[in-house]
Every structure is written in structure tokens, then in C-alpha cells.
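Undergrad: Mind having a look at this structure? Questions to follow.
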Amino acid sequence: MPLERSDYLKLDPHKNSCTPEGFPEWLATFGEGKRLAVDLFSGAGGLTFGLEKAGWTVAAAVDFDERALETHAANFPGMSLHMDLGDPSERDRLVELVGPAKIDLVAGGPPCQPFSRAGRSKIRHLVKKHNRDPLDRRKELWVAYLDVVKRLRPRVVLMENVPDMGLGDDFFVIRLIEDELEELGYATQVRLVDAWNYGVPQHRKRLILLARNDVDSFAWRDPDAKRTSLRDAIGDLPKLDVVPLERVGSRKLDYRSPRQPSAFAKTMREGAEKGLVWDHMTRRVREDDFEIFTEMDSKTLYSEIDEGLRRYKANHFTDKYKKLDWADLSRTITAHIAKDGYWYIHPDQSRTLTVREAARLQTFPDRFRFAGTRSDAFRQIGNAVPPLLGEAAAEVLKPLEGVQSPSDGLRPHWREVRQTLTDWADRRRGGVDWYQLPGAKPVVLHAAVMAVVSMSKMKPTVLAGLMATVRKAKRLTSPVFGRLVEAAPTDAVRARIDRLAPLVDQPLIWNKPESVLDKLALKPSEEALYRLLSGDDLMLVGHGTLRVAARLNNTEVDRNRLSDGRVHLVKLVGAGDDAPLRMAALRLIGAELCREKQPVCSECPLAAYCPRKDVLSDDLFTLVGTED
């Protein structure tokens, strides 16, 4: 089928939009007395819309996509600025432009690519010095975001992104951002949010970071009692005639409201032209696709499609086509919808979703128009933050009546908890737990021995005796290895120690932690412990560490890969040079003190911060607490 470009929709600016030259007058007129925000990496304005619904007026939105900025300028007041925030001079210009305004909130979704462990020291330098890596501009845009926050010092901050930005590097970037904000006197919260809890009719999990310098409190409203189904979201839109190879839909169509529209449809129609719907159009349908779309249902896998009609290898593209279900949520709307709509096949019409349907699923109302071609519109919609999700997050940051920000900022609760944990761990690594915690100058040999025996069931005293044989050693010589083997309490432990044999009398290998890994071929859990005890900044996610984090956050343990459990753990680990020490300390506390049954709260350094201690603690803790 030949490539088809739709017409180009040009939009006029909003009546209350303004240029940089007109911004001072805008501040004195339309912007006077309003709670102002700045939206960085704004795209078409999904987050701007959410902020607006929550009570803010966006004074300046910034993006590098000209089509998205044309859309933004048409739908919102204020400035819509074309800038590359990776350029420090452009950030200077932005800060100067908004300088006359009192900015209450800085929002945005900076691209946050994960970083390898090898590059993390460089990232710390980028944060501290605001420098720029010319080899990868995208990786530093979150640093640019932080730079603007530091210079504008708003009361509150809102950042939105995909959860994978956290999982890709053990939440390293997120932990750094939180640490930087806390140093500025902000309390922070990181939350993984299912967008459907707040009215968005699609499967969409997002990572939300909030910060405020007035109070250390983040109260989200209760999730919606009922999900918004696909039928609730788009079931009222006009049915389209679908003929293979013919145009599908139109820029402008008649709209007739059903007798009982869903509450969601009513909301989407607010402010729309009566009797009309715009941009209800999609791609032409190939003849073979028309046949496929007609035959499949919401449960049909690509591999189940007639082999003669398939154009892609079924083993590589297991979910290439997805027909949506009226009674369910939509699949996540992403920017890929601009390339093809195969993930978004209409439930009962043999076509893919239209621009207007995609906009509805992202919770843009029908009055909202998107500049450019049809593909431009799809891309802008797929890249956007759903306005209803943005509104729910922004509501958490509303100012509290009579509350002013302290002049010297807040001392966040979790910063205090982390300091207590650090102090305790520092004392313990100088004593009997020296081998359980990375030292100020970690010894790779100690980490390697601990890694290979970590799965052995040894009593603490036996393990301590075993590790004592290598305490003063930095290399695995034949005599040291002999003492280790002799100290092994069982044949099973001896077999584990034998795995170290290839490292015996290899003096140079101990200067290169990665070389040790190559020789040992550790299992994933063993490798993680080895890296941690060698001083690597990583998250050691296990039953024990998640249990400690859950109890301190007064929640149930959640071990899901994309769960609040990991986010709670992030709060305890934090960032900086002591992060590996805290992570190892949490492993130790989870194993020896914060046990699943009969936890020893009386010896736990974090008991004073634990909301669950009164329910979980033993009599000894209660007695000690009474004497104090």
C-alpha cells in the first residue's frame, strides 16, 4: 500500500498565549495572582493540562519538538518555548525569562536513560558540576531538569517517567535526584502509579517523583472505585465505514451523543463543538489486514493468524497484532502508534484506532486539537502524560492553608532514617560484622569468599570463624586457601570454597574485580552480593531487604519486579558513597533482626522509625522501651 500523508493541521495560538517579549505584560494581566508552573519537556501538554486541572497556570512550557509546541501554544496560555535544555546557555535563557515570575512548581518528564555501573562516578560529577557530556545529550537531560529546579527553587516539584528508568540501573538516577533535592531542603516521594486508578482507560504504569519544601507529607486521593473501560472511553464515537484501501474517517464528522453516555464520555465532550467530532481518522487498511482484523478477537495471538496472511515471523513478533476488548482497558498508548496501529485494533471495526480515540484513551478531551499531520498527532499523543494522571499527581502538591516553607528548608524524615542506618553500619563494620559490610576500602577477596559461601546454612559463629582465616589477607595465596578449606565445617561448604581454586596464587587478579567474576562464574544472587561487598552501588532485592522496607513504610511485603516494595527500598538505600554500606546493612538487618517471625526489634537500629514495631516486637523491646 502506498505511503499516505494526511493533511497538515495548522492551529492558531491560544488567546492568552504569549511570546517572551510579551511575558512581562502577561504576568501583570492574565498571570496576576495565579499559581504559576513551568513544564519542562512538555510535549503537546498532557502534564500541562493535568496541572491546569489541579489549579496551576503554566507560565512557560519547553520542548524541542516544534509540532508539539504548536499544539501546546494552541491549547494553553503562557509561553511555549522551543529550546534544547541540554544546552546550558538555553537553560540560562529560560531562567532569565521566567525570573520575574514566582514559580510555585516545576514539572516535567526528562528522558532518563539508565546508566551502567562503570559510568556512575561520571554521573555524580555531572550532577554536582552541571557539566555536559557531548557524546550523549539524552542521558544528561535529567541533570538539566535538576539544574532548572535548583535555580528556580519552586515550592514543589513533579517528575514523571517510565518505571524502566528505575529498573534499568537499580534506581540509580532516581536516587541521585532525590538526594540532590533533599540537600536543597525538599522532602521527596517516589511512587509507581497504575494510571487506571485515576480514570485513565489503559494499562499504564508510571513512575512519579514528587518533592516539596513546605511539609514532609504526600497524601494521594483514593483510587477510583471503578475502572474506565474501553467502551466507556470511546464507545460513543461515530462508527466508521471501513473499506480496504479507502480513507478511514475524517478531520470533521457529525457526532450524536448516546442517550446514556458514560461519565467519562461526558467529561471528554465538555467544551467540544456540539454535534461535531474532530480528528476521528486513521490509516487506510490493507486487504490482508482487513481479513485478519475481521477474523481475530481480543484473545487471538499473532501466531494463530492464518500463516498465509502473516507478514512477520510469529516467533519474533508474538504480539504484533492486538485487538482491544470493549470490557477491558486499552493497551498502553505509546509513540509507536505513529508508525503503525497493530497494537490498537478496534474491538468490532476492522481498523486501527483513530487519532481521536487515541486521544480519548490518553484522556485528552475532544476540544483538544493536535497540530501537524495524522502521524504528528499520533506521536504527540503517544508521548504525552495522560492529563488525568497528571492531575492526580499534582493534587498531592497543592499548598496547605497557613503553611509556609521553612527558610532553611526541611530535614526530610527519610534522610534522618538513612543517617541512623549509616551510623549503625559504620560501627558494625568496625566490629564483628566486618565481612558482612563493605569497608571504606573494600577487599575483593573478602567479597569473593562471602559470595561463594553465601548460600550455605552456617551459624553466625561458624561463618565468623571461617571468615577470620582471611581477615588479614588481600590475595588468595596457597596458605590462605589451605586455611579456608581446613576451616570449612561441612563437605558442602568445602565444595563451595573449592570454586575459589582458579584464583589461588594469582596476585594481579585481585586488583580487577571484573576479572574475579570472569574466573568464578557466580550465580546472579552470588554476583550481586560480591559486587555489593566490593563497594558497587546496587540494589540487593531479597525477601529480607524488602521486608525491612515494607515494615518501615507500614505496608505488606511486595516482591513484584515493578512494585512499591522496590521503591520503599530506594528510600532506605539513598544515594552517595555510603549507599552500598546501607544496602549491605539492610541485608544484615533483614537476615538477623527483622525476621519474618519473632523479629528482634530491641536490637534493630531502625526500630524508632518503624510503625509496625508495636505489633511485631517481642517482650524484650517493650521492656527496654519502658525502662527508657
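The values are calculated or read from the model by the stated rules, or taken from the named source; none is laboratory data. It should be emphasised that the depicted structure is a prediction, and the values quoted were computed from it without experimental measurement. Virtual Cβ from ideal backbone geometry, glycine too; neighbours counted across all protein chains shown.
Undergrad: Being out of contact with any strand residue (DSSP E or B) (no Cβ under 6 Å at 6 or more places or on another chain) and either within 18 Å of Phe264 (Cβ to Cβ) or of a type in the set (Val, Ile, Thr) (or both): is that true of Asp328 here?
TA: On the way: out of contact with any strand residue (DSSP E or B) (no Cβ under 6 Å at 6 or more places or on another chain): yes; either within 18 Å of Phe264 (Cβ to Cβ) or of a type in the set (Val, Ile, Thr) (or both): yes.
So Asp328 passes the test.
Undergrad: How about the range 317-367: which of its residues are within 18 Å of Ala384 (Cα to Cα) and either in the same structural domain as Gly199 (by TED's automatic domain parsing) or of a type in the set (D, E, K, R) (or both)?
TA: Arg331, Lys339, Asp340, Arg356, Glu357, Arg360, Asp366, Arg367
Undergrad: Shifting gears a bit: Would a scan of the range 392-408 turn up a residue that is within 30 Å of Trp220 (Cβ to Cβ), in contact (Cβ under 8 Å) with a residue 12 or more places away in the chain and touching a helix residue (DSSP H, G or I) at 6+ places or on another chain (Cβ under 6 Å)?
TA: From the range 392-408, those within 30 Å of Trp220 (Cβ to Cβ) are 392-408; that's our starting set.
Filter once more, so that each one left must be in contact (Cβ under 8 Å) with a residue 12 or more places away in the chain: 392-400, 403-406, 408.
Subsequent filtering for residues that are touching a helix residue (DSSP H, G or I) at 6+ places or on another chain (Cβ under 6 Å) retains 392, 394.
Within the range 392-408, one or more residues are within 30 Å of Trp220 (Cβ to Cβ), in contact (Cβ under 8 Å) with a residue 12 or more places away in the chain and touching a helix residue (DSSP H, G or I) at 6+ places or on another chain (Cβ under 6 Å).
Undergrad: Exactly one of these conditions fails for Ala187: (1) under 24 Å from Leu152 (Cβ atoms); (2) of a type in the set (A, V, I, L, M); (3) without any contact (Cβ under 8 Å) to a residue 60 or more places away in the chain. Give me its number.
TA: Of everything listed in (1) under 24 Å from Leu152 (Cβ atoms); (2) of a type in the set (A, V, I, L, M); (3) without any contact (Cβ under 8 Å) to a residue 60 or more places away in the chain, Ala187 misses just condition (3).
So that you can scan it fast, the table gives a plain yes or no per residue for (1) modelled with pLDDT of 95 or more; (2) surrounded by fewer than 24 Cβ atoms within 10 Å (Cβ to Cβ); (3) touching a helix residue (DSSP H, G or I) at 6+ places or on another chain (Cβ under 7 Å):
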position: Gly31; (1), (2), (3): yes, yes, no
position: Ser42; (1), (2), (3): yes, no, yes
position: His82; (1), (2), (3): yes, yes, yes
position: Gly86; (1), (2), (3): no, yes, yes
position: Asp92; (1), (2), (3): yes, yes, no
position: Val106; (1), (2), (3): yes, no, yes
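Undergrad: While we're on this one: Could we say that Arg411 is modelled with pLDDT under 95 and either outside the structural domain of Val570 (by TED's automatic domain parsing) or charged (D, E, K, R) (or both) here?
TA: Values: modelled with pLDDT under 95: yes; either outside the structural domain of Val570 (by TED's automatic domain parsing) or charged (D, E, K, R) (or both): yes.
Considered against the rule, which asks whether it is modelled with pLDDT under 95 and either outside the structural domain of Val570 (by TED's automatic domain parsing) or charged (D, E, K, R) (or both), Arg411 comes out as yes.
Undergrad: Failed condition for Leu562, given (1) touching a Pro at 6+ places or on another chain (Cβ under 9 Å); (2) at pLDDT 95 or above, with all others met?
TA: (2)
Undergrad: Further question: Please count how many residues of the range 412-436 are touching a helix residue (DSSP H, G or I) at 6+ places or on another chain (Cβ under 6 Å) and over 14 Å from Val573 (Cα atoms).
TA: Total satisfying the criteria: 3.
Undergrad: Out of (1) more than 29 Å from Asp289 (Cβ to Cβ); (2) among the hydrophobic types (A, V, I, L, M, F, W, C); (3) surrounded by fewer than 23 Cβ atoms within 10 Å (Cβ to Cβ), what's the single condition that is false for Val243?
TA: (1)
For every residue, the table says whether it meets (1) over 30 Å from Asp7 (Cα atoms); (2) surrounded by fewer than 17 Cβ atoms within 10 Å (Cβ to Cβ).
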residue: Gly185; (1), (2): yes, no
residue: Thr188; (1), (2): yes, no
residue: Tyr198; (1), (2): yes, no
residue: Pro201; (1), (2): no, no
residue: Arg221; (1), (2): yes, yes
residue: Lys226; (1), (2): yes, yes
residue: Arg251; (1), (2): no, yes
residue: Pro261; (1), (2): yes, yes
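Undergrad: Hey, among the residues in the range 286-310 that are among the hydrophobic types (A, V, I, L, M, F, W, C) and surrounded by 16 or more Cβ atoms within 10 Å (Cβ to Cβ), which one's modelled with the lowest pLDDT?
TA: If we filter the range 286-310 for residues that are among the hydrophobic types (A, V, I, L, M, F, W, C), which is where we start, we get 290, 292-293, 296, 301, 305, 309.
Of the ones still in play, those that are also surrounded by 16 or more Cβ atoms within 10 Å (Cβ to Cβ) are 290, 292-293, 296, 305.
Values: Phe290: 96, Ile292: 95, Phe293: 96, Met296: 94, Ile305: 91.
This residue is Ile305.
Matching residues to (1) at pLDDT 95 or above; (2) over 23 Å from Ala377 (Cβ atoms); (3) of a type in the set (A, V, I, L, M):
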residue	(1), (2), (3)
Asp222	yes, yes, no
Asp241	yes, no, no
Glu246	yes, no, no
Arg259	no, yes, no
Ser262	yes, yes, no
Trp278	yes, no, no
Arg284	yes, no, no
Tyr312	no, yes, no
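Undergrad: Could you list, in sequence order, all residues of the range 203-219 that are of a type in the set (Gly, Ala, Ser) and surrounded by fewer than 16 Cβ atoms within 10 Å (Cβ to Cβ)?
TA: Initial filter on the range 203-219 (of a type in the set (Gly, Ala, Ser)): 211, 217, 219.
Answer for the range 203-219, where residues must be of a type in the set (Gly, Ala, Ser) and surrounded by fewer than 16 Cβ atoms within 10 Å (Cβ to Cβ): Ser217, Ala219.
Undergrad: Residues that are within 24 Å of the chain's Cα centre (by Cα) and buried (at least 23 other Cβ atoms within 10 Å of the Cβ), at least 2 per element: which helices (runs of 4 or more DSSP H) completely within the range 354-460 meet that?
TA: Values: elements: 355-361, 374-383, 387-395, 413-429, 444-453.
Those helices (runs of 4 or more DSSP H) span 355-361, 374-383, 387-395.
Undergrad: Follow-up. Residues being surrounded by 23 or more Cβ atoms within 10 Å (Cβ to Cβ) and either among the hydrophobic types (A, V, I, L, M, F, W, C) or closer than 19 Å to Val215 by Cα (or both): count how many of those fall in the range 166-183. Spell out the reasoning first.
TA: To start, the set of residues in the range 166-183 that are surrounded by 23 or more Cβ atoms within 10 Å (Cβ to Cβ) comprises 166, 169-174, 176-178, 181.
Add one more test, that the residue is either among the hydrophobic types (A, V, I, L, M, F, W, C) or closer than 19 Å to Val215 by Cα (or both), and what stays is 171-174, 176-178, 181.
Total meeting the criteria: 8.
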